[in-house]
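Some notes on the structure that comes next.
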Amino acid sequence: MAKVDFLIIRNKCDRATEYTNWIGEGMKEYLESKGHTVTDLSNTDASPEKVREWLSYDKKKTRKAIIALDHGSTDVFWGEKGGQPAQVIDLTNCEELTKKLHVYTLACLTNASGGLGETAIKKGCLSWLGYTEVVYAAKSDSFKDCIWSYVEAMAEGKTMEECEQALRNAYIARRNQSFIYQYNLDRLLLRKSGNDMTINSPNRISRVKSLMLVMMND
Amino acid sequence: MGTDLSNRKEVIATAKEKLIEKLEKWVKEHPEEADIPHINLTTQKEFTIRGILNQMIEEKRTGVAIMDREILEIEDLVDKWLED
């Protein structure tokens, strides 16, 4: 398997994940159009085995960021197996699977105090954007664009603080469309291990490889 | 005691009527947004804002109180949202 910059995880095993899966439609193509490489684990591909295969720190097949659109709970980010929700990232494997990666979630609760996001950051994850409580989604292009705003900012190489601000601005701009925008905004939290990081640095590409890529691009 | 309960019911009914008024105004001004499907990602409760309004109108018409806790929570969130 080739190495990629982004891994998208978006199962589709129940009504809620039909919404979150739909939000990820077209995201791979968008990121590729911006020059990034992407693997999209959609529907039954969002299995614990495939997620582990793509996120294992030892293999470093995913080098920059995870986009996780799915069910979440305080200690677990969920994928699916056999048509049922299945744990894919949890407190026991978050170091191995998220170390030196940026994580962006649309999922409930993963950034609750003492939960998965906080634990992952303590164990080497670079940044984790998530929600501290249960959240809502809508089946509208406007909601989809709102959630994409963070991804677009990441793809453009903006800092995580700028990505967060882009998302906050997108929520604020839609506050008159439904209560869910202010509601989700009030529960949004970016946890990070440092300031001014982008998906381009730091990440799982080694320092030497990063320098080589910069020189090649110059 | 009976009077207290009666007063409380009256306060709730008045608050609901005010919310219905505000929501009717919002739905009239935002007909497309009112029909957008929403979902709570944990409970998977699906709803539209117009649907919430219609349930409240039906509650007022029949006098049969809405007992669905999730709908009541959404009503509270909508009320807070329209106040802001």
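I'm trying to understand the selection: among the residues of the stretch A:114-154, which are within 14 Å of another protein chain (Cβ to nearest Cβ), open to solvent by 20 Å² or more (accessible area, probe 1.4 Å) and in a helix (DSSP H, G or I)?
A:Asp141, A:Ser142, A:Lys144, A:Asp145
If I filter the stretch A:60-74 down to residues being touching a residue at least 60 places away in the same chain (Cβ under 8 Å), part of a strand (DSSP E or B) and open to solvent by 10 Å² or more (accessible area, probe 1.4 Å), which single residue comes out as nearest to A:Ala153 (Cα to Cα)?
A:Lys64
Go through the stretch A:1-59 and tell me which helices (runs of 4 or more DSSP H), entirely inside it, have 2 or more residues that are open to solvent by 20 Å² or more (accessible area, probe 1.4 Å) and within 14 Å of chain B (Cβ to nearest Cβ).
Here the list reads A:15-23.
In this structure, does B:His38 turn out to be at pLDDT 95 or above, under 15 Å from A:Arg175 (Cα atoms) and either away from chain A (no Cβ under 14 Å) or open to solvent by 30 Å² or more (accessible area, probe 1.4 Å) (or both)?
no
With the requirement that a residue be open to solvent by 50 Å² or more (accessible area, probe 1.4 Å), in a helix (DSSP H, G or I) and touching a helix residue (DSSP H, G or I) at 6+ places or on another chain (Cβ under 9 Å), what does the stretch B:58-69 give you?
Within the stretch B:58-69, B:Lys60 is the sole residue that qualifies.
Any chance the stretch A:75-82 includes a residue that's in contact with a Lys or Arg (Cβ under 6 Å, 6 or more places away or on another chain), open to solvent by less than 30 Å² (accessible area, probe 1.4 Å) and farther than 18 Å from A:Pro202 by Cα? Outline the logic, then answer.
Of the residues in the stretch A:75-82, the ones in contact with a Lys or Arg (Cβ under 6 Å, 6 or more places away or on another chain) are none.
No, that holds for no residue.
Could you tell me whether any residue of the stretch A:207-214 is of a type in the set (D, E, K, R) and at pLDDT below 95?
yes
Just the residues that are facing chain B (nearest Cβ under 9 Å) and out of contact with any helix residue (DSSP H, G or I) (no Cβ under 7 Å at 6 or more places or on another chain), please, taken from the stretch A:172-191.
A:Asn176, A:Ile180, listed by residue number.
Each row is one residue, and each column tells you yes or no for (1) within 12 Å of chain A (Cβ to nearest Cβ); (2) open to solvent by less than 70 Å² (accessible area, probe 1.4 Å); (3) free of Cβ contacts under 8 Å to residues at least 60 places away in the same chain.
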| position | (1), (2), (3) |
| --- | --- |
| B:Lys25 | no, no, yes |
| B:Phe47 | yes, yes, yes |
| B:Leu53 | no, yes, yes |
| B:Met56 | no, yes, yes |
| B:Ile71 | no, yes, yes |
| B:Asp84 | yes, no, yes |
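To keep it simple, each residue is scored yes or no on (1) part of a helix (DSSP H, G or I); (2) within 14 Å of another protein chain (Cβ to nearest Cβ); (3) of a type in the set (S, T, N, Q).
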{"position": "A:Pro85", "(1), (2), (3)": "no, yes, no"}
{"position": "A:Cys108", "(1), (2), (3)": "no, yes, no"}
{"position": "A:Gly157", "(1), (2), (3)": "no, no, no"}
{"position": "A:Glu164", "(1), (2), (3)": "yes, no, no"}
{"position": "A:Ala170", "(1), (2), (3)": "yes, no, no"}
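The values are calculated or read from the model by the stated rules, or taken from the named source; none is laboratory data. Not measured: the values here are computed from a predicted model. All Cβ positions, even for glycine, are placed from backbone atoms using ideal geometry, and neighbour counts span all protein chains on display. Keep in mind that these areas ignore ligands, DNA and RNA; they rest on the heavy atoms of the full protein, side chains included. Shrake-Rupley method; radii C 1.70, N 1.55, O 1.52, S 1.80 Å.
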